[in-house]
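Asker: Just passing along the structure, written as structure tokens.
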Amino acid sequence: MSTRPITMRPAPGTHRPRLTVVGAGPGDPELITLKAVRAIATADVVLYDALANEVLLEYARPGAVKQYVGKRKAHKSYTQEALNDLIVEHALLHGHVVRLKGGDPFVFGRGHEEMQYAQSKGIAVAYIPGVSSAVAGAGAAGMAVTLRGASRSFWTLTATTDTGELNPELAFAAQTNTTVVVLMGVSKLAEIAQIWQDAGKDNCPMAVVENATLPQQRIVTGDAQSIAAQVAADPITGPAVIIIGETVRHSIALPEPTHFNFSTQLVTHE
Ligand SMILES: C[S@@+](CC[C@H](N)C(=O)[O-])C[C@H]1O[C@@H](n2cnc3c(N)ncnc32)[C@H](O)[C@@H]1O
């Protein structure tokens with residue numbers, strides 16, 4: 001493969017309104033796809049979420065609008081409806097909007113909703129997948145979501161329903177030998193672990209992986225009986241996935257994620 005930079009030339013005179021929903025990967029900026037880099041580099045507007053690594057904005061051309069629309073900082077927080085309208089407004093005004101989202105945009109990312117809305121307003125849409133924390137969160141901690149002899153499947157769940165209740169599907173998952181990956185679940189860790197205890201699986205291995213793939217990555221490993229107390233003793237503050245199942249027992253030691261030597265030399269703008 002050639003290592004020459006990809007040269008990005010804005011198409012002259014084109015202001016075709018369009019939306020590309022782009023997966024930024026789980027954190028490490030080198031885990032973005034080349035197709036995603038190309039989309040960012042040709043964007044007129046980049047609307048980015050809290051979990052998309054901001055370093056990736058360096059791929060955008062100097063004149064592009066870069067707007068944070070996530071919920072984690074002390075910024076104005078958009079409702080999903082307001083965000084949908086913002087995307088459409090930017091597309092009509094500027095042309096190519098990139099919606100940059102952490103992980104994969106279709107895994108608890110609302111990327112599909114945003115595309116549907118934009119499409120209903122006559123905006124052309126495209127999707128660029130990303131590496132999801134649902135798989136890479138476990139992988140970065142040396143755990144395979146499927147593993148011969150340990151797990152034939154994996155199940156990715158959100159910890160809660162739309163109304164904030166504990167996801168009732170967790171109790172079904174606890175009846176199986178699948179690898180369970182819970183997103184957005186740390187605040188419910190004790191209740192989740194209790195579900196496995198109630199299923200008679202006190203010793204079921206569990207892990208919490210915080211800031212997966214980033215230099216601040218932290219792994220806490222225990223079982224359904226111990227994990228909540230372990231995490232309470234040293235609380236999780238960053239994004240984290242909960243991994244439940246035998247695969248945790250088979251984790252392999254990996255080198256710790258290092259500070260990346262990030263460079264946008266992959267792309268030049270003309
Ligand atoms: C709104 S969901 C978005 C998931 C994202 N679309 C994906 O595919 O990874 C946010 C949740 O993803 C998980 N997450 C995202 N990035 C993570 C990371 N680097 N390490 C651990 N968990 C992460 C956490 O459970 C977090 O609460």
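Asker: Checking the condition under 15 Å from Ala52 (Cα atoms), within 14 Å of the ligand (Cβ to nearest atom), surrounded by 15 or more Cβ atoms within 10 Å (Cβ to Cβ) and without any contact (Cβ under 8 Å) to a residue 24 or more places away in the chain, which residue from Gly70, Gly102 passes?
Answerer: Details: Gly102 fails: without any contact (Cβ under 8 Å) to a residue 24 or more places away in the chain.
Exactly one residue qualifies, and that residue is Gly70.
Asker: Restricted to the stretch 111-136, and to residues that are surrounded by fewer than 19 Cβ atoms within 10 Å (Cβ to Cβ), within 13 Å of the ligand (Cβ to nearest atom) and more than 11 Å from the chain's Cα centre (by Cα), which residue is nearest to Phe154 (Cα to Cα)?
Answerer: It comes out as His112.
Asker: Shifting gears a bit: Name the single residue that is nearest to the ligand (Cβ to nearest atom) among those in the stretch 235-264 being part of a loop (DSSP other than H, G, I, E, B), of a type in the set (Ser, Thr, Tyr) and at pLDDT 95 or above.
Answerer: In the first step, residues of the stretch 235-264 are kept if they are part of a loop (DSSP other than H, G, I, E, B); the result is 235-239, 245, 251-264.
From the residues that got through so far, the ones that are of a type in the set (Ser, Thr, Tyr) too are 237, 251, 258, 263-264.
So of that shortlist, the ones also at pLDDT 95 or above come out as 237, 251.
On the way: Thr237: 12, Ser251: 15 Å.
That would be Thr237.
Asker: Next up: Working only within the stretch 32-72, note down all residues that are closer than 14 Å to Leu19 by Cα and acidic (Asp, Glu).
Answerer: If the condition is that a residue be closer than 14 Å to Leu19 by Cα and acidic (Asp, Glu), then Asp44 is the only one that fits.
Asker: Also, quick follow-up: When you check Thr163 against the structure, is it assigned to a loop (DSSP other than H, G, I, E, B) and surrounded by fewer than 19 Cβ atoms within 10 Å (Cβ to Cβ), yes or no?
Answerer: Numbers: assigned to a loop (DSSP other than H, G, I, E, B): yes; surrounded by fewer than 19 Cβ atoms within 10 Å (Cβ to Cβ): yes.
For Thr163, the condition - assigned to a loop (DSSP other than H, G, I, E, B) and surrounded by fewer than 19 Cβ atoms within 10 Å (Cβ to Cβ) - is met.
Asker: Next question. Only residues that are in a strand (DSSP E or B), free of Cβ contacts under 8 Å to residues at least 60 places away in the same chain and near the ligand (Cβ under 10 Å from one of its atoms): list them for the stretch 205-220, please. If you could, list the steps in order and put the result at the bottom.
Answerer: Here is the first cut: in the stretch 205-220, the ones in a strand (DSSP E or B) are 205-210, 218-220.
From what is left, the residues that are free of Cβ contacts under 8 Å to residues at least 60 places away in the same chain are 205-206, 208, 210, 218, 220.
Val208, Glu210, Arg218 - these are the residues of the stretch 205-220 that are in a strand (DSSP E or B), free of Cβ contacts under 8 Å to residues at least 60 places away in the same chain and near the ligand (Cβ under 10 Å from one of its atoms).
Asker: Could you run through the stretch 174-189 and say how many residues are more than 16 Å from the ligand (Cβ to nearest atom) and either assigned to a helix (DSSP H, G or I) or farther than 30 Å from Ile32 by Cα (or both)?
Answerer: 4
Asker: Here is a further query. From the set of residues in the stretch 18-37 that are among the charged types (D, E, K, R) and under 16 Å from the mean Cα position of the chain (by Cα), which is surrounded by the most Cβ atoms within 10 Å (Cβ to Cβ)? Don't jump to the end; show me each part of the working.
Answerer: At the first step, the residues of the stretch 18-37 found to be among the charged types (D, E, K, R) are 18, 28, 30, 35.
Next, only the ones that are under 16 Å from the mean Cα position of the chain (by Cα) stay: 28, 30.
Numbers: Asp28: 21, Glu30: 12.
Of everything passing the filter in the stretch 18-37, Asp28 is surrounded by the most Cβ atoms within 10 Å (Cβ to Cβ).
The values are calculated or read from the model by the stated rules, or taken from the named source; none is laboratory data. The structure displayed is predicted, hence computed values, not measured ones. Please note: Cβ atoms are built from the backbone with ideal geometry, for glycine as well, and neighbour counts cover all protein chains shown.
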